[in-house]
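The values are calculated or read from the model by the stated rules, or taken from the named source; none is laboratory data. Since we're looking at a predicted model, the values are computed, not measured. Because the Cβ atoms are built from the backbone with ideal geometry, glycine has one as well, and the counts that use them run over all protein chains shown.
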């Protein structure tokens, strides 16, 4: 069959890329081979637009066992325990079919974790939708949440934390980022590097159907009016089969039968076989007629590109087939030897004895194009906001506007749809700064959180990149955890647009700086480009998922006030930065301005001393200050506890709005028992930490003297309305 | 006391109940659903989870497992049987308990801590609880809405076979405290011989102060009594 | 006028429920090649003209009852 330009285009490749393929093969590819190149060379699998920039990220540290390059990242949490974690996007499928798109996103990330031998212990998600008034938003919201819950609950892994945001930038491109965290013994980690000649290549899991053919290509294409036509490529997830697959794999992993293992995710059988062979510098030969198929008359093309879910590829040790098959029979899953490793360094595909395709592995894996796409730095806007021209409002009204907004409303409506308690190790659930998961049968725990600030990243990408890492770091500190490492999901628009590429490059610069300073390396992640429709790109939305360690878990540190008459300390200096604030957006619809500066020294110093204070049992509660500023953080501490506050007006800052709503970074609120005040203040003073005693907790009323007095019950009621009414 | 926890494909609260049982000093064994013989047990547990993905109807397919015949035999011989959440659903599908669990009234999965009232504290499962004691306990289900016909409901009431009812902190059984629309706020029931208990809330999630509370402990202590 | 609507999964879409139900029936000793699970609705409309009525039912399917991404449907007059 002659490969026309139209066929090349429909495979998501450009003419130069096709020329490169011909050069590598020393001939024209056939359709099967073209399909395989299109899957391996698309953005999602090859990272061709992002690789150059990703190389700059810090990925090493004493705590890092495995950085980027494997199915997931691995960090050491002492005592032979390790944590495996990663975040991944499933944006484009979630727009087309929100339930299944979100569900299969959860399924995919879980496989990335248990393929390394780790039993998943927690799920998180970062989901972003368009404006609530946009006609598609409600059904997308419902679909995505049902899908995440439907998959996670069924497989029995607690969904413990997340963030849900609304902004018109996502009107035609909602985002679904799913993160999974798993526990493994350090000496029992499984990797994907194939080793040994003539080893059996085994296919396990669900049968292969026609699902998602060219899904990986779809993820790399923008949406336009013809997007609706792409419908049939969405896969249906089967969490029940995934549960069986997970248990079967974990059971097989108890002994030494597995040489290497990888899940079949994007580009299914193609990517898994190629990546495993490439890592081991081997060839791989597959007999496609052996592939278990769900549909009749499937062609080699369909089999290689199918994205049917819940499948894994295993390279097995000699003489282990019989025992391994017994395990998969027990769990009623297909287990078929479909090929072997070779020394040809080729991907050789046979069907009914005939070679249907043969491609050098390296052509697919390492010779994929790397693009140094043109990019421009974000111009700093010199436009200043004239505060004196803004309509006068009362502090109370401004606060209530924020607390009743979709982005700040209580999210129990969402989180009650997720089982957070299964596995009985969830010490602290959604609604906290970070969730805390106990390490089963041990005295220690991990803390996990996921964060993003697309508005900061849009207005000044470098600062935005720094800020999201710092905020994520602060969230872990706030629950008494030592932050160890992060995974990142980089959601951006079209990389062929030099402004978008500039946002990408600069956000990464910011992330790099923050990670280096805080010793908080990147161990895994995912890039999702082409989040745009008809030339309109989303705001840059890098998402950070962080994991920290709590060595000796006694009582979890949370942000709800514990009693009345405690001292409230504001730690960190307040300059009153209102630009890019939630206050301006919600009350005046102003989205201009620069984000607040990051002072790394203060961030580190403040955070490390808070950990010290927590470890010395000097604090009753801790909350970091982020979107909405001081007053919103105080509200959150009240609403979650039913205790109010009595705060005096600041003596120095003249503008109250700047003081209470400013989003200066590196700040925390501490609740301290009056008997511990002296000890606490001494530690703060000794370490040069700026702090203010701003008031006390009290029963019933949220009070700022002379400005607000509202009952905490009313505050909670207003904060709880939006989702229930939507 | 010896316990056997039946594990179906898709059960996922099996480890949780095993941990709770062992904490309470039961000698526990995990029994795979394909087994055709049950070890001698004082207590059989059908755990929570999504056996067979809840496909077709929750518990319908697990109810046809090989091991279920042995469970039925043991139950008829007076063995104690505890069905939690999906386990309760399986018990109704097998007929060991009458009634059925329908989709939650609001059609969504619900996970939260709620209150239940101990309606009968004179059974093997509840003798350590005070009469009308209010427990704070976790639920996590899609199909927890208990429904049955008038005859069975009358039987449940007349013979004191209602184990738990959803209530508020003060112990008032009302609409507001009913999380899923269950008939008369019923959260758990016994069979006529009171050796089988089916309940939607998860007592195994309430045995550890660090995670939640210890309101579930007395269910296990009662059994050991 | 009464109509029945049968909603089925599209041909190439995975049916996790059908798969499990099939295996269970086989384990119970039954003989079958394949089974797929769908939904069935019965709807009664006021409209007396059959063509107009079918159009209305069609609208209902497209707007709500059927997930056109992964499902097909058939309308029959009862």
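Residues that are surrounded by 18 or more Cβ atoms within 10 Å (Cβ to Cβ), modelled with pLDDT of 95 or more and assigned to a loop (DSSP other than H, G, I, E, B) within the stretch A:648-688 comprise A:662, A:663, A:664, A:665, A:666, A:667, listed in sequence order. Considered as a group, the residues in the stretch B:184-220 that are under 16 Å from the mean Cα position of the chain (by Cα), more than 12 Å from every other protein chain (Cβ to nearest Cβ) and in a helix (DSSP H, G or I) include one that is farthest from residue B:150 (Cα to Cα), and that residue is B:217. Take the conditions under 24 Å from residue A:385 (Cβ atoms), at pLDDT 95 or above and assigned to a helix (DSSP H, G or I) and apply them to residue A:499. Does it pass? When the stated conditions are applied, residue A:499 passes them. Scanning the stretch B:36-81 for residues that are under 18 Å from residue B:125 (Cβ atoms), part of a loop (DSSP other than H, G, I, E, B) and either within 14 Å of chain A (Cβ to nearest Cβ) or more than 16 Å from the chain's Cα centre (by Cα) (or both) turns up B:41, B:42, B:47, B:48, B:77, B:78.
Within the stretch A:320-365, work out how many residues are farther than 30 Å from residue B:8 by Cα and either within 14 Å of chain B (Cβ to nearest Cβ) or free of Cβ contacts under 8 Å to residues at least 12 places away in the same chain (or both).
Pass one, the stretch A:320-365, residues farther than 30 Å from residue B:8 by Cα: A:339-365.
Filter again for either within 14 Å of chain B (Cβ to nearest Cβ) or free of Cβ contacts under 8 Å to residues at least 12 places away in the same chain (or both), leaving A:353-355.
Residues that pass the stated criteria total 3.
Restricting the stretch C:59-74 to residues that are in contact with a strand residue (DSSP E or B) (Cβ under 8 Å, 6 or more places away or on another chain) and either assigned to a helix (DSSP H, G or I) or within 14 Å of another protein chain (Cβ to nearest Cβ) (or both) leaves a set whose member that is modelled with the lowest pLDDT is C:70.
Mind listing whichever residues of the stretch A:164-199 are surrounded by 21 or more Cβ atoms within 10 Å (Cβ to Cβ) and more than 30 Å from residue A:139 (Cα to Cα)? Selection gives A:182, A:183, A:184, A:190, A:191, A:192, A:194, A:199.
Table: residues versus (1) over 30 Å from residue A:68 (Cα atoms); (2) modelled with pLDDT of 95 or more.
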| residue | (1), (2) |
| --- | --- |
| A:507 | no, yes |
| A:521 | no, yes |
| A:537 | no, yes |
| A:567 | yes, yes |
| A:591 | yes, no |
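Of the strands (runs of 3 or more DSSP E) that lie entirely inside the stretch A:238-318, those containing 1 or more residues that are away from every other protein chain (no Cβ under 14 Å) and within 29 Å of the chain's Cα centre (by Cα) span A:258-263, A:311-316.
Residue-level check: of (1) surrounded by fewer than 19 Cβ atoms within 10 Å (Cβ to Cβ); (2) not in a helix (DSSP H, G or I), residue A:604 misses just (2). When the stretch B:107-122 is filtered for residues that are closer than 20 Å to residue B:171 by Cα and outside any strand (DSSP E or B), the ones remaining, listed by number, are B:119, B:120, B:121, B:122.
Return the total of residues in the stretch B:1-35 being within 23 Å of residue A:329 (Cα to Cα), in contact (Cβ under 8 Å) with a residue 12 or more places away in the chain and not in a strand (DSSP E or B). Can you show your working first?
Pass one, the stretch B:1-35, residues within 23 Å of residue A:329 (Cα to Cα): B:5-15, B:29-35.
From what's left, in contact (Cβ under 8 Å) with a residue 12 or more places away in the chain: B:5-14, B:29-35.
When the remaining residues are screened for being not in a strand (DSSP E or B), the result is B:8-10, B:12-14, B:33-35.
The total comes to 9.
Just give me the residues in the stretch C:27-38 being within 13 Å of another protein chain (Cβ to nearest Cβ), farther than 30 Å from residue A:213 by Cα and part of a loop (DSSP other than H, G, I, E, B), in sequence order.
Selection gives C:28, C:29, C:30.
Looking only at residues in the stretch A:201-227 that are at the interface with another protein chain (Cβ under 10 Å from one of its Cβ atoms) and more than 21 Å from residue A:89 (Cβ to Cβ), the one that is modelled with the lowest pLDDT is A:210.
Listed here are the residues, each with its yes/no results for (1) assigned to a loop (DSSP other than H, G, I, E, B); (2) over 17 Å from the mean Cα position of the chain (by Cα); (3) within 12 Å of chain A (Cβ to nearest Cβ).
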position	(1), (2), (3)
C:6	no, no, no
C:12	yes, no, yes
C:20	no, yes, yes
C:25	no, yes, no
C:40	no, no, no
C:43	no, no, no
C:51	no, yes, no
C:57	no, no, no
C:76	no, no, no
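Summed over the stretch B:49-91, the residues that are under 27 Å from residue A:244 (Cβ atoms) and either surrounded by 24 or more Cβ atoms within 10 Å (Cβ to Cβ) or in contact with a helix residue (DSSP H, G or I) (Cβ under 8 Å, 6 or more places away or on another chain) (or both) give a count of 30. For residue A:368, are the conditions met, namely being in a loop (DSSP other than H, G, I, E, B), at negative phi and more than 14 Å from chain C (Cβ to nearest Cβ)? Judged against the criteria, residue A:368 is a match.
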